[in-house]
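> Quick one: this structure, given as structure tokens, is what I'll be asking you about.
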Amino acid sequence: MNTTLSPERVRADVAELLDCDPADIAADENLVDLGLDSVRIMVLIERWRAAGAASLEFPDLAEQPELAHWTALLTDGAA
């Protein structure tokens, strides 16, 4: 998914919806277990589509709700 999103932006957007510090989110932690529900995932999808991830769909994120996976998906593997 060729987008303009950065790893820092992805982490910050997730942290904002979880109401936590971005540094508190482990890359391999299940974001659903941290409180990210389907409504918040849809908010992220809309936000990231507007930022360039036009083909992003709910299953892309819901099947593996981990920050590392989402970051790789949205930034073409940039770390």
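> With +1 on the Cβ of every Lys and Arg and -1 on the Cβ of every Asp and Glu, and nothing else charged, how large is the dipole of segment 1-63 about its Cα centre, in debye rounded to the nearest 20?
340
> So what's the back-of-envelope 222 nm ellipticity for the chain, counting only DSSP H runs of four-plus at -39500 (n - 2.57) apiece and dividing by all residues, rounded to 500?
-14000 deg cm²/dmol
> Starting from the Cα-Cα distance between Glu63 and Asp28, subtract it from 0.36 nm times their residue separation and give me the gain in nm to one decimal.
Fully extending the segment from Glu63 to Asp28 adds 11.2 nm.
> Quick one: net charge of Ala23's neighbours, Cβ under 12 Å, K/R +1, D/E -1?
Once positives and negatives cancel, what remains is -2.
> Continuing with the same structure: One quarter of the convex hull surface, Cα atoms only: what value does that give for the chain in nm²?
With every direction weighted equally, the projected area is 4.3 nm².
> If I take every Cα pair under 8 Å that is 6 or more residues apart in the chain, average their sequence separation and divide by the length, what percent do I get for the relative contact order?
49
Computed from the coordinates by the stated procedures, all read-outs in this text should not be read as laboratory data. These figures come from a predicted structure and were not determined experimentally. Backbone-built Cβ (ideal geometry, glycine too); neighbour counts: all protein chains shown.
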